[in-house]
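Colleague: Here you go, one structure.
Derivation of every value follows stated rules applied to the coordinates shown; laboratory data play no part. Everything numeric here is computed off the predicted structure, so don't read it as measured data.
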Amino acid sequence: VTRRAYELNAPLRAVAGTVSAAESFLSTPTDNIVVETVKAADDGNGLIVRLYEAHNQRGPAVLRFGRAVASATETDLLERELGPAEVQGNEVRFSVRPFEIKTLRVQLA
């Protein structure tokens, strides 16, 4: 239901660019994770990715970027650092609780 609601209320828009269909700036193989916002950090230091768990599940989650990730930290909603997130190549790994909102600060390499 969540995916269909986003498809109806916020359809994807095509933008001209050089990225092939096989590449993506950001994706997640974790079906219960919804990436809500990607923006520049308020202090200009990295990207802020805000997401939430949508299916009342807990456990591991993964964000996969189109570029290598230099570092990632979990933050609160005001972008204050809470602790490090695990980085493996172009992936950021973390855990979620049911319906949790999570904010990550990501530095791309």
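Colleague: Which value at 222 nm does the chain reach when only helices count, each DSSP H run of 4 or more adding -39,500 (n - 2.57), with the total divided by all residues and rounded to the nearest 500 deg cm²/dmol? Intermediate values should be presented prior to the final figure.
Modeller: On the way: 1 runs with 8 residues, N = 109.
Computed ellipticity for the chain at 222 nm equals -2000 deg cm²/dmol.
Colleague: Related question: When only alpha-carbon atoms count, how far does segment 24-108 stretch along each of its three principal axes, as whole angstroms with the largest first?
Modeller: Principal extents (Cα only, largest first): 33, 26, 20 Å.
Colleague: Please list the non-local residues whose amide H lies under 5 Å from the amide H of Thr28, H modeled 1.01 Å from N, same-chain partners needing a gap of 5 or more.
Modeller: HN-HN under 5 Å from Thr28: Arg64.
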